[in-house]
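Visitor: I am attaching a structure below and will ask some questions about it afterwards.
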């Protein structure tokens with residue numbers, strides 16, 4: 001990666017980092033996303049997402065149902081002694097593999113010209129009116 005100056009550097013490529021990077025790139029900013037892991041990656045968490053975020057995901061250009069998401073409108077909890085608690089979820093949500101969701105958002109980030117660097121950040125400094133980000137393998141990127 002030759003470019004050393006970016007408008008925005010996002011550290012961490014989970015859901016918040018990926019969606020932030022895409023949003024900023026859609027606003028015509030030069031964005032670098034630094035993520036320590038490769039995509040796709042397995043992650044144990046967040047496989048239920050509220051329907052409240054669907055308009056925002058649509059704005060980003062991401063439709064989770066194109067990638068296997070399933071609508072969820074009911075909740076059921078079974079206790080250790082086989083008793084069930086059932087509830088309707090009025091707003092509802094969707095379930096989707098985080099492996100798939102992260103990977104598809106990563107692909108969308110690339111499509112929106114986000115520069116992605118797989119590395120670990122070791123230091124962030126502010127000096128001479130600039131942020132400088134140091135990674136394990138790459139020397140320094142500047143945010144001006």
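Visitor: Exactly one of (1) in contact with a helix residue (DSSP H, G or I) (Cβ under 8 Å, 6 or more places away or on another chain); (2) more than 25 Å from residue 8 (Cα to Cα); (3) at pLDDT below 95 is unmet by residue 64. Its number?
Guide: Unmet condition: (3).
Visitor: Is it true that residue 88 is under 22 Å from residue 24 (Cβ atoms) and free of Cβ contacts under 8 Å to residues at least 24 places away in the same chain?
Guide: no
Visitor: I've got another one for you. Does residue 38 count as under 28 Å from residue 137 (Cβ atoms), surrounded by fewer than 16 Cβ atoms within 10 Å (Cβ to Cβ) and either at pLDDT below 95 or out of contact with any strand residue (DSSP E or B) (no Cβ under 8 Å at 6 or more places or on another chain) (or both)?
Guide: Yes: the conditions hold for residue 38.
Visitor: For segment 41-61, how many residues are at pLDDT 90 or above and within 14 Å of the chain's Cα centre (by Cα)?
Guide: Summing the residues that are at pLDDT 90 or above and within 14 Å of the chain's Cα centre (by Cα) in segment 41-61 gives 6.
Visitor: Can you tell which of 4, 36, 41, 28 is in contact (Cβ under 8 Å) with a residue 60 or more places away in the chain and closer than 15 Å to residue 115 by Cβ?
Guide: It is 4.
The values are calculated or read from the model by the stated rules, or taken from the named source; none is laboratory data. Since the structure is predicted, the reported quantities are computational estimates derived from the model, not experimental observations. Here Cβ is always computed from backbone atoms with ideal geometry, including for glycine, and neighbour counts include all displayed protein chains.
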